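Novice: Input: one structure, supplied below.
The values are calculated or read from the model by the stated rules, or taken from the named source; none is laboratory data. Since the structure is predicted, the reported quantities are computational estimates derived from the model, not experimental observations. Heads up, the Cβs are rebuilt from the backbone with ideal geometry, glycines too, and the neighbour counts pull from every protein chain shown.
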Amino acid sequence: MKNSSIEHAQRIAQHSMGVAGSYSDDGFNPTEYLTTWNFNNLPPEERAEFYKETPLGNSSLLREYWIFAEDKDIEIAPGVMFPAWTYNGQVPAPTIRATEGDKIRIHFTNRGGKPHTMHFHGFHPANMDGSLTEDFVYPGQSFTYEFDADPYGIHLFHCHSMPLKQHIAKGLYGAYIVDPKNDTRPHADRELVMVMNGFDTDLDGENDVYAVNTQAFYYAMNPIKVEKNELVRIYLVNILEFDLMNSLHIHATFFDEYSTGTKMEPNAYTDIVSFVQGERSILDVRFRYPGTYMFHAHQTEFSELGWMGFFEVEE
């Protein structure tokens, strides 16, 4: 079944997008991205260049990050490159994760060719907002953002320099997770970060490629492996530019939705969610039966242009 699923995805990619083959190794792995936060995919010595934890007296942590903006060509479909503006050379940016009440300190350096910032959704002082002209960090300059992680939930960060839609469309965004101090939700057996995005390759103000975690059809060609009946927690963020709505539908199951992740009780039990840009939720899903299950945007055009994949559910 797996091979036929991959072949099905490759046929759709070739028919809808005119691309064929597999992705090259450009340093970004969407499978690894699903379960990576705070640079936990790196060996300790390399990780220390980008992330550091220091215990504070109130049982919380100071979490320090070293983030840089950089212009880089990224692969968004097999053989299709996009001139992106990135945080740390990837789209989406590395996921930032803290516990409610932790102090976050981000050392940001702009190595790109345009003024950039980092704007976080959540509570922070006005001078940490990264949204006004005086907040712009110009090429070659640095700025340190510092604020407390609050409220708990699934949030996002993105560049807020002008023109805003260009800076988002070019790739300057990422997921920001704040775990609650006292979590009464069911224990998650597996956690996955998914950022729904798209790319305008011909600069006409309309997206030509759609995806979750940047690479079109990647999870169709490389299904996400989970186990039957385990609780899979998905941190889902929509950052799609140019289109008013985006969505996620998972076949043959339902899930609990925690809108923005800021409550301990789910607000919906459904098999589809629809988001405007910046909207996000935590989804708790269990698969009752083994097999291969599709997930995709329920806007058909998005799905046929890259935003679809499979869960491979194992016994």
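Novice: Looking at Ala98, Ala69, which is the one that is among the small types (Gly, Ala, Ser), part of a strand (DSSP E or B) and over 16 Å from the mean Cα position of the chain (by Cα)?
Specialist: The match here is Ala69.
Novice: If you check Phe157 against the conditions, is it modelled with pLDDT of 95 or more, surrounded by 19 or more Cβ atoms within 10 Å (Cβ to Cβ), touching a His at 6+ places or on another chain (Cβ under 7 Å) and part of a strand (DSSP E or B)?
Specialist: Details: modelled with pLDDT of 95 or more: yes; surrounded by 19 or more Cβ atoms within 10 Å (Cβ to Cβ): yes; touching a His at 6+ places or on another chain (Cβ under 7 Å): yes; part of a strand (DSSP E or B): yes.
Yes, satisfied.
Novice: Restricting the search to the range 111-131, which residues are exposed (fewer than 14 other Cβ atoms within 10 Å of the Cβ), hydrophobic (A, V, I, L, M, F, W, C) and either over 21 Å from the mean Cα position of the chain (by Cα) or closer than 11 Å to Cys159 by Cα (or both)?
Specialist: Ala126
Novice: Pairs under 8 Å by beta carbon, first residue under 28 Å from Phe287 (Cα atoms) in the range 227-244, partner among the β-branched types (Val, Ile, Thr) and loosely packed, with under 15 Cβ neighbours inside 10 Å, six or more apart or different chains?
Specialist: Close Cβ pairs (under 8 Å, with a partner that is among the β-branched types (Val, Ile, Thr) and loosely packed, with under 15 Cβ neighbours inside 10 Å) amount to Asn238/Val276.
Novice: Specify which of the listed residues (Met245, Met194, Met221) is in contact with a strand residue (DSSP E or B) (Cβ under 6 Å, 6 or more places away or on another chain) and surrounded by fewer than 23 Cβ atoms within 10 Å (Cβ to Cβ).
Specialist: On the way: Met194 fails: surrounded by fewer than 23 Cβ atoms within 10 Å (Cβ to Cβ); Met221 fails: in contact with a strand residue (DSSP E or B) (Cβ under 6 Å, 6 or more places away or on another chain).
After ruling out the rest, the residue left standing is Met245.
Novice: Does the range 25-73 hold any residues that are closer than 30 Å to Asp200 by Cα and modelled with pLDDT under 95, and which are they?
Specialist: Result: Asp25, Asp26, Gly27.
Novice: Applying the selection to the range 59-114, what residues are more than 30 Å from Asp148 (Cβ to Cβ) and either without any contact (Cβ under 8 Å) to a residue 24 or more places away in the chain or touching an Asp or Glu at 6+ places or on another chain (Cβ under 6 Å) (or both)? If you could, list the steps in order and put the result at the bottom.
Specialist: Let us first name the residues in the range 59-114 that are more than 30 Å from Asp148 (Cβ to Cβ), namely 71-84, 113.
Scanning the range 59-114 gives Lys72, Asp73, Glu75, Met81, Pro83, Gly113.
Novice: May I pose another question? Basic (Lys, Arg), within 23 Å of Ile272 (Cβ to Cβ) and surrounded by fewer than 23 Cβ atoms within 10 Å (Cβ to Cβ): does that describe Lys228? I'd like the intermediate steps shown before the answer.
Specialist: Values: basic (Lys, Arg): yes; within 23 Å of Ile272 (Cβ to Cβ): yes; surrounded by fewer than 23 Cβ atoms within 10 Å (Cβ to Cβ): yes.
Yes.
Novice: What tally of residues in the range 257-291 results from selecting those that are surrounded by 19 or more Cβ atoms within 10 Å (Cβ to Cβ) and on the phi < 0 side of the Ramachandran plot?
Specialist: Here is the first cut: in the range 257-291, the ones surrounded by 19 or more Cβ atoms within 10 Å (Cβ to Cβ) are 257-258, 261, 273, 275, 277, 280-283, 285, 287.
Add one more test, that the residue is on the phi < 0 side of the Ramachandran plot, and what stays is 257-258, 273, 275, 277, 280-283, 285, 287.
Number satisfying all stated conditions: 11.
Novice: Does Gly306 fit the bill of being among the small types (Gly, Ala, Ser), in contact with a Phe, Trp or Tyr (Cβ under 6 Å, 6 or more places away or on another chain), closer than 25 Å to Tyr87 by Cα and part of a loop (DSSP other than H, G, I, E, B)? Lay out the reasoning, then the answer.
Specialist: Working: among the small types (Gly, Ala, Ser): yes; in contact with a Phe, Trp or Tyr (Cβ under 6 Å, 6 or more places away or on another chain): yes; closer than 25 Å to Tyr87 by Cα: yes; part of a loop (DSSP other than H, G, I, E, B): yes.
When the stated conditions are applied, Gly306 passes them.
Novice: Look through the range 292-304, keep the residues that are over 18 Å from the mean Cα position of the chain (by Cα) and of a type outside the set (Val, Ile, Thr), and return whichever of them is surrounded by the most Cβ atoms within 10 Å (Cβ to Cβ). First the steps, then the outcome.
Specialist: Just the residues of the range 292-304 that are over 18 Å from the mean Cα position of the chain (by Cα), to begin with: 292-294, 298-301, 304.
This time we only want the ones that are of a type outside the set (Val, Ile, Thr), so: 293-294, 298-299, 301, 304.
On the way: Tyr293: 21, Met294: 19, His298: 16, Gln299: 18, Glu301: 12, Glu304: 18.
So the residue we want is Tyr293.
Novice: Please verify whether the range 231-246 includes one or more residues that are of a type outside the set (Phe, Trp, Tyr), outside the structural domain of Phe120 (by TED's automatic domain parsing), farther than 22 Å from Tyr176 by Cβ and modelled with pLDDT under 95.
Specialist: no
Novice: So which residues in the range 33-83 are surrounded by fewer than 16 Cβ atoms within 10 Å (Cβ to Cβ), of a type in the set (S, T, N, Q) and under 26 Å from Leu236 (Cβ atoms)?
Specialist: The answer is Thr35, Asn40, Asn41.
Novice: Does Ala297 count as small (Gly, Ala, Ser), farther than 15 Å from Val232 by Cβ and touching a residue at least 24 places away in the same chain (Cβ under 8 Å)? I'd like the intermediate steps shown before the answer.
Specialist: Details: small (Gly, Ala, Ser): yes; farther than 15 Å from Val232 by Cβ: yes; touching a residue at least 24 places away in the same chain (Cβ under 8 Å): yes.
Judged against the criteria, Ala297 is a match.
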